[in-house]
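Visitor: The structure that follows is given in the form of structure tokens.
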Amino acid sequence: MKLIKGLAISIAVIITALVLYLTLFFNINQLKPQLTDSIEDATGYKANIDGELGWKLFPTIGIEVNGLEIENPSGFSKKELIRIDHVVADVALLPLLSKNIEVKTVQFKDMKLNLLTDKGGRTNLYKLQEKGNTANTKPQPEVNKTKQNEQSTIDIGAVSIAGIDIENIVIYQQNLQVQSEQTLKLEYFNLAKFGLDSDSSFKMKATVKQPELNAEVTGNGVINVASTLQSLSIKSFEANLSAKGNQLPTGHINAVLKVAANVDLEKQTANLDVSQVQINDIKGNGSLRANYGLKVPNVNISFNFGDVDLTPYFPRGTENANSKVDEETAQASVANEVSNKEPDLSALASINGSAKVTIKSIKAKNVHASNLSIMANISNSVLTIKDISSDLYQGKLQGKASLDARKSIASYNFSANLTKFQFQPLLKDALDTQEISGETNLSISGSGHGVSPLAIKQKLAARGSVAVTDGAYHGVDIGKMLSNFESQLKGEAAPKETEVDKTLFENLGTEFAINNGVMQISNTALTSPVLKVKGNGTANLLTDKLAYKLSVNVTESNSHKSGLNQLRGRDIPFLVTGSLSDPKFRLDTQAVLKQQLDKEKDKLKDKIKKKLFGKFGF
């Protein structure tokens, strides 16, 4: 018992003597040059400590560093790579007697990290990469190994870190190569007991506060860092985002992300498996494979989504008619500027890769489709949609497209085929109109320069065709219009009105070509048991004006009678004006009356000829 008390007293005396020595006789600030030199040797970056160093003693022994700064290499827009106002590392005192190092807590407070990329694509972390490559390839002289063996007289046991606490970090990212920048504030990051080749749990919280946007991100997960420091594994990570603000289309966003990842720091590759991604009611899963060590990172993604409704993410309408009028008036003053402005597509230069996306069903406002599949790739600023397919209104969509952003004005081309779809419900959902019904086939291909709304209208060059079978043109009854006109010619009362105006047809087809903002509509042909219609005309996409002429010929068969006697067999002209969304049909009465007058003149001439021939005995 006396022996134990003696040992305890001896240990207490030793600790007390150590504390007195460190606090009274040893000036820890003398270590500043050694600390900054060791950081520079390890990283290749110049370091400074402009604050004070201090001791932290019992029950843990530690060092406190204030004002640690690591400078960027020359040529970057910010002086500091990283600045930490306060760092504390606590080491348990008693385990040191057993040659074990137990770091209780490493604390970082008020830290700023600048991640920069210059115009040439060089990042401010390039020295770390060079240092790592040099350490892996540079041979060590034999004499150093001998000296190391001679000097390594301290036998250290296990090393463990009980926790890392990071508070108030601002991460600023700037990329001058693609002209982008962003700032993130990390309020805290806590890492539980940490050891190489072992699982360590962590949690974090980040916030964004702007005048019209408040957002909060929380997350937690498990990380494992290899003892070689060449790879790490995020065995699980779950993040939750909650955002509110007028800048958001829906006014709010609630999102969830659950992933697992493996990162090879030596090969600079990363693999992510996303078990859940959710944005409000949109849910999906997928994977990502990336090689970020290339000059242009290569990223390949594959995602699957369930039911997707994009309607809430369109710009919100105004609450009442008056405010709507005010908004439209305000928007009118900037409409031309917006229409003329080309979007910034420089981000396409910052990534290469491929994407495969499938969506069970998708809805945009009232338009809907199912079994949507998109396969695309991006390389050297060229985005190519190799295939897009979907079930659409009882038919099928198949298409492809490309967008070339290598020049300041982007160019594009596309082709698409919609087969055996029902035209009327698509028109109803897309344009709130129901003019044409029937089973439809549509094909179109085109190209152009400039992707602003105005440039597309002005520079699009496209060709296509439409064919509709067993349908009707609703809102216009050509047969009734002809019947009414014939009654007028006879001086009779117009036939009784029918409840629904529509022109039934067996086949309706037309071709179109778009150039310089004008659509040429040609070879229009409509056939029905009693009518044959042909037409040609133009639609100005810039002014939305329609100028179109139809020629209607009344035909009959034994099974189908038109009831039109005076107009039968003649080409009756119709004019179509107005706009594409609201066409106006009318009979060209002047042309018909001229036809009728010419016909009567011909009858009169024939009658006169017969009389004259009869008078002279012919």
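Visitor: Looking at segment 182-272, which trypsin sites (Lys or Arg not before Pro) are DSSP coil and have at most 13 other C-beta atoms within 10 Å of their C-beta?
Guide: Taking segment 182-272 and a limit of 13 other Cβ atoms within 10 Å, the loop trypsin sites (Lys or Arg not before Pro) found are Lys267.
Visitor: Moving on. Once the whole set of protein chains is in place, how much accessible area is left on Asp344, using a 1.4 Å probe, in Å² to the nearest 10?
Guide: About 120 Å², ignoring ligands and nucleic acids.
Visitor: So how much accessible area does Tyr548 have, in Å² to the nearest 10, using a 1.4 Å probe?
Guide: 30
Visitor: Let me ask another. Quick one: what are the phi-derived ³J(HN,Hα) couplings along segment 461-468, Karplus 6.51/-1.76/1.60 with θ = phi - 60°, whole Hz, x for glycine and proline?
Guide: 10, 8, 9, x, 8, 9, 9, 10
Visitor: Using the structure shown, list the pairs from Lys365/Lys457; Lys502/Lys534; Lys79/Lys127; Lys185/Lys205 with a Cα-Cα distance above 19 Å, or answer none.
Guide: Where the Cα-Cα span goes over 19 Å, the pairs concerned are Lys365/Lys457.
Visitor: Counting Lys +1, Arg +1, Asp -1, Glu -1, what net charge surrounds Asp429 among other residues with beta carbon under 12 Å of its beta carbon?
Guide: Result for the local shell: +2.
Visitor: In whole Hz, what ³J(HN,Hα) sequence does segment 284-294 give by Karplus (6.51, -1.76, 1.60; θ = phi - 60°), x for Gly and Pro?
Guide: Karplus values, whole Hz, x for Gly and Pro: x, 8, x, 8, 9, 10, 9, 10, 8, x, 6.
Visitor: Working with all protein chains in place, sort Glu511, Glu71 by solvent-accessible area computed with a 1.4 Å probe, largest first.
Guide: Glu511, Glu71
Visitor: Would you kindly find the accessible area of Arg568, with a 1.4 Å probe and non-protein molecules such as ligands, DNA and RNA excluded, rounding to the nearest 10 Å²?
Guide: 100
The values are calculated or read from the model by the stated rules, or taken from the named source; none is laboratory data. Just so you know, these numbers come straight off a predicted model, no measurement behind them. Neighbour counts are summed over all protein chains in view; Cβ atoms, including those assigned to glycine, are modelled from backbone coordinates with ideal geometry. Surface areas here come from the heavy atoms of the whole protein model, side chains and all, with no ligands, DNA or RNA. Shrake-Rupley method; radii C 1.70, N 1.55, O 1.52, S 1.80 Å.
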